[in-house]
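All remarks here apply to the structure that follows.
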Amino acid sequence: MTEHENKTAKPLVHLGITRPEELSALFADLRGRFDADCACAHDESSWKQFRDAWLGRKSGVLTQITDNWLKPATLELKRAVGAALNELRAHVEAKIEERRLTIESGAEESALARERVDLSLPGVMRPVGSHHLIRQVFQEIEDIFVSIGFSVVEGPEIETPYYNFEALNIPEFHPVRDDMDTFYLELPKSAKTPLLLRTHTSPMQIRTMEKQKPPVRVIVPGKVYRRDNPDATHSFAFHQIEGLAVDTDITFCDFTGTIEYFVKQFFGPSVKTRFRPSYFPFTEPSVEFDVSCPFCGGTGTAASGGTCSKCKGAAWIELFGAGMVDPAVYGFVNPAHGGGYDPKKVSGFAFGIGIDRLAMLKYGIDDIQVFFQNDVRFLRQFP
Ligand code: DAH
C-alpha cells in the first residue's frame, strides 16, 4: 500500500501526468492494489483496517485522490479524474461491503459449527441403579398379599418394650425374650420409657389394631434388629413381613388357605405346604409353615442323584412362623383407640415372614451377609 499511498499523496503533475489517457494505467494500478488488499481482510478487525485505509474520511486513499488528484487537477484532467475516481469508488465500496458479508457469514458459520448440537451423538450414560434384591422380594410378597385384599402399613423401627414385648403377651422375664436380645437406646434418666430397636415387625399388630376397628388385613414390611453374631444365616439387621387378619369369622381354614395361596404364588404352583406345631406367645395355636423343597421337587434327592443341598435331603424347607392370634393379645389393644376387639367376637391369624431367608432360598444365596455388603458384583445379578 505504501507505493500508492505515496502516489496519492502527490498531485498528478508531480507524477508527470498531464493527459487524460495517462490516467487509466494509474487507476488500473490502484485497483489492482485494492483487490490484493481486499483478499487479505480475513476477519472483522483486518477488514476494518482495510476499510479505513481506503474509505477513511481523513486519510483514506479515496479522500487523498479527491484532495490531491481531483481538486488541484487541470481543467483538462478534472473530468477524467472525476469519472475514474467515481468508478473506483463504486468498485471499492461494493467490494468492501461484499467482503464484510463474507466475513460475517463466515463468523456466523464458525459460531454455528462451534455451538451446534449434534443430536446423533450418544448421550452421557448415567448408570441407573436397580432395586436391592431384598426390596424386590418385599415387592413380590406385597403384590401377592395386596392382590387378595391386604393393605401395606409400616411402623417405627425404634419401639417401646411395651409394643415390642408386653402387648404381644411377652411379659418381662419370659424366656422368649432371650432369643430377642436387642439394642436399647441410651436415653436421659428423665425418659418416660426405655426404647429399643424392634426385634420383629409384630409390634405393628397392636399398633394397627389400636388405629382401626376390625376387619383388619394388613402386612407390615420392615427392618428388624437383634444382637445376633453375624454368620451365614445371622445378621444384626434383617427384614420381615408381618401379616395380620382379624375379623368376626376368621377360621384356621382361612389361615392355612391364605398361607398356601401365598406360598404357591411365591414358589410356584407345584409346591406343597405343611405346618407343624410351634410356640409363639402371641398366637394360639402356633405353627411353623414348611414348603416342599422347590429345588428337588420335594424328593430330597437332587437331579444329579445326590442329596438335595437346599433341603439337606429333608424334602421340606422350614419357612416361617404363624398362628391364630392369641385371644390375650386383643386384651392389650387399648379400647380407647381400637374398640371392637372382643376376643369372644373376633378371631384372626398372624404370620411373620423372614424376607432374607426367603430371598436366599428362592435365589440360591448361601450367605445372608451379601445383602448388607452392597458389593455391586452381587447387586448386578439382580437387575
Ligand atoms: N415375630 C416372630 C419372630 O420374629 C415371627 C412371628 C411368628 C410373627 C408367628 C407372627 C406369628 O405374627 O404369628 O420370631
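Within region 38-64, the residues that satisfy the criterion of being without any contact (Cβ under 8 Å) to a residue 60 or more places away in the chain, farther than 13 Å from residue 91 by Cα, open to solvent by 40 Å² or more (accessible area, probe 1.4 Å) and part of a helix (DSSP H, G or I) are 39, 40, 45, 48, 49, 52.
Does at least one position in region 225-241 carry a residue that is basic (Lys, Arg), out of contact with any Cys (no Cβ under 8 Å at 6 or more places or on another chain) and within 12 Å of the ligand (Cβ to nearest atom)? Lay out the reasoning, then the answer.
Within region 225-241, the first condition is being basic (Lys, Arg), and the residues that meet it are 226-227.
From what is left, the residues that are out of contact with any Cys (no Cβ under 8 Å at 6 or more places or on another chain) are 226-227.
If we keep only those that are within 12 Å of the ligand (Cβ to nearest atom) as well, we get 226.
Yes, region 225-241 contains at least one residue that is basic (Lys, Arg), out of contact with any Cys (no Cβ under 8 Å at 6 or more places or on another chain) and within 12 Å of the ligand (Cβ to nearest atom).
Just one of the numbered conditions (1) over 20 Å from the mean Cα position of the chain (by Cα); (2) open to solvent by less than 60 Å² (accessible area, probe 1.4 Å); (3) not charged (D, E, K, R) is not true of residue 121; which one? Just one mismatch for residue 121, condition (2). Filtering region 122-148 to residues that are touching a helix residue (DSSP H, G or I) at 6+ places or on another chain (Cβ under 8 Å) and among the β-branched types (Val, Ile, Thr) leaves 134, 137, 141, 144, 148.
Taking region 207-305 and the strands (runs of 3 or more DSSP E) fully enclosed by it, the elements with 2 or more residues that are modelled with pLDDT under 95 and open to solvent by 40 Å² or more (accessible area, probe 1.4 Å) are at 273-280.
A quick yes/no check of all residues on (1) within 41 Å of the chain's Cα centre (by Cα); (2) within 16 Å of the ligand (Cβ to nearest atom); (3) small (Gly, Ala, Ser):
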{"residue": "273", "(1), (2), (3)": "yes, yes, no"}
{"residue": "279", "(1), (2), (3)": "no, yes, no"}
{"residue": "324", "(1), (2), (3)": "no, yes, no"}
{"residue": "328", "(1), (2), (3)": "no, yes, yes"}
{"residue": "334", "(1), (2), (3)": "no, no, no"}
{"residue": "340", "(1), (2), (3)": "no, no, yes"}
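The set of residues in region 158-206 that are basic (Lys, Arg) and within 13 Å of the ligand (Cβ to nearest atom) comprises 177, 198. All of 351, 320 fail the test of being within 11 Å of the ligand (Cβ to nearest atom), under 21 Å from residue 233 (Cα atoms) and either of a type in the set (Ser, Thr, Tyr) or touching a residue at least 40 places away in the same chain (Cβ under 8 Å) (or both), apart from 351. If the condition is being over 22 Å from residue 211 (Cα atoms) and out of contact with any strand residue (DSSP E or B) (no Cβ under 7 Å at 6 or more places or on another chain), then region 311-333 contributes 312, 314.
One line per residue, one yes/no per condition, for (1) modelled with pLDDT of 95 or more; (2) assigned to a loop (DSSP other than H, G, I, E, B):
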residue: 317; (1), (2): no, no
residue: 323; (1), (2): yes, no
residue: 332; (1), (2): no, yes
residue: 338; (1), (2): no, yes
residue: 350; (1), (2): yes, no
residue: 357; (1), (2): no, no
residue: 368; (1), (2): no, yes
residue: 378; (1), (2): no, no
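Evaluate the following for residue 143: is it in a helix (DSSP H, G or I), at pLDDT 95 or above and open to solvent by 50 Å² or more (accessible area, probe 1.4 Å)? It would help to see each step written out before you state the result.
Numbers: in a helix (DSSP H, G or I): yes; at pLDDT 95 or above: yes; open to solvent by 50 Å² or more (accessible area, probe 1.4 Å): yes.
Spelling it out, residue 143 is indeed in a helix (DSSP H, G or I), at pLDDT 95 or above and open to solvent by 50 Å² or more (accessible area, probe 1.4 Å).
The values are calculated or read from the model by the stated rules, or taken from the named source; none is laboratory data. These figures come from a predicted structure and were not determined experimentally. Because the Cβ atoms are built from the backbone with ideal geometry, glycine has one as well, and the counts that use them run over all protein chains shown. What goes into the accessible areas is simple: the full protein's heavy atoms, side chains included, and nothing from ligands, DNA or RNA. Shrake-Rupley method; radii C 1.70, N 1.55, O 1.52, S 1.80 Å.
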